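Taking it in order: structure first as structure tokens, then the write-up.
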Amino acid sequence: MTVPHDTRPLPAASAPAALASLRARGLRISASRRTVVEALFAADGPVGAEQIAGGLGGRLPASDLGSVYRNLEALERAGLVRHVHAGHGAGRYALATRHEHGYAACECCGALQPLDQEAILRVEAIVAAATGYEARLVHFPIVGRCPRCKPTPRVPEVPHAHS
């Protein structure tokens, strides 16, 4: 089981600001690291390493997948990135300041829906009251079925009267 890093989130309003903060923390800013940071800022939500390596559907240059994973790990240790497990698929990555709350993951289609912080706090409180555990729902989402994949309730067929 992978566990989240406990590094405080590194706030950055833009890719250039994030790169400057990383440089100030002593990280080297290679072309591949720059591409990964730009991809995270360009993404609409958590994305997979494969999507980043593929250039986010042509929006950015393609990268080596191994290099993307190494950079994501370094960026997570630095506090810029958090990862979340989305059901049975590969982990997804997002900027830590955009990924401070939890997600619901669809076990059918893989959709990832951010959850309201208040809802997460209520669920964490229920888990704590029931078990004594301090739940951290950022790293592992609540898994179920999204509205599109949820089966619609079957309406019982009414027998037709034969005349």
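Here are the numbers:
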item	result
Residue-count net charge about Ala43 - beta-carbon cut-off 11 Å; Lys, Arg +1, Asp, Glu -1	+1
Anisotropy class of region 29-144 from Cα gyration tensor, a/c 1.5 cut	prolate
Estimated vicinal HN-Hα couplings, Hz - region 61-72 in sequence order (Karplus 6.51, -1.76, 1.60; Gly, Pro = x)	x, 5, 9, 6, 4, x, 5, 4, 4, 4, 5, 4
For Val143, distant residues with modelled amide H under 5 Å away	Ala105
Estimated vicinal HN-Hα couplings, Hz - region 130-138 in sequence order (Karplus 6.51, -1.76, 1.60; Gly, Pro = x)	7, 10, x, 7, 8, 6, 10, 8, 7
For Val81, residues with placed amide H under 5 Å, excluding near neighbours	Glu76, Ala96
Distance in nm between pseudo-label sites at Arg122 and Arg145 (7 Å out along the Cβ direction from Cα)	2.3 nm
Cut-off under 5 Å, modelled amide H: who pairs with Gly102 long-range	Leu115
Note, ³J(HN,Hα) from phi for region 28-35, Karplus 6.51, -1.76, 1.60, rounded to Hz, x at Gly and Pro	6, 9, 7, 4, 5, 5, 4, 4
Ordering of 44-56, 72-84, 11-23, 118-130 by burial proxy (mean other Cβ atoms within 10 Å per residue, highest first)	72-84, 44-56, 11-23, 118-130
Least to most buried among Thr97, Thr152, Thr131 (fewest other Cβ within 10 Å first)	Thr152, Thr131, Thr97
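FYI, it's all coordinate maths here, none of it is from the lab. Since the structure is predicted, the reported quantities are computational estimates derived from the model, not experimental observations. Here Cβ is always computed from backbone atoms with ideal geometry, including for glycine, and neighbour counts include all displayed protein chains.
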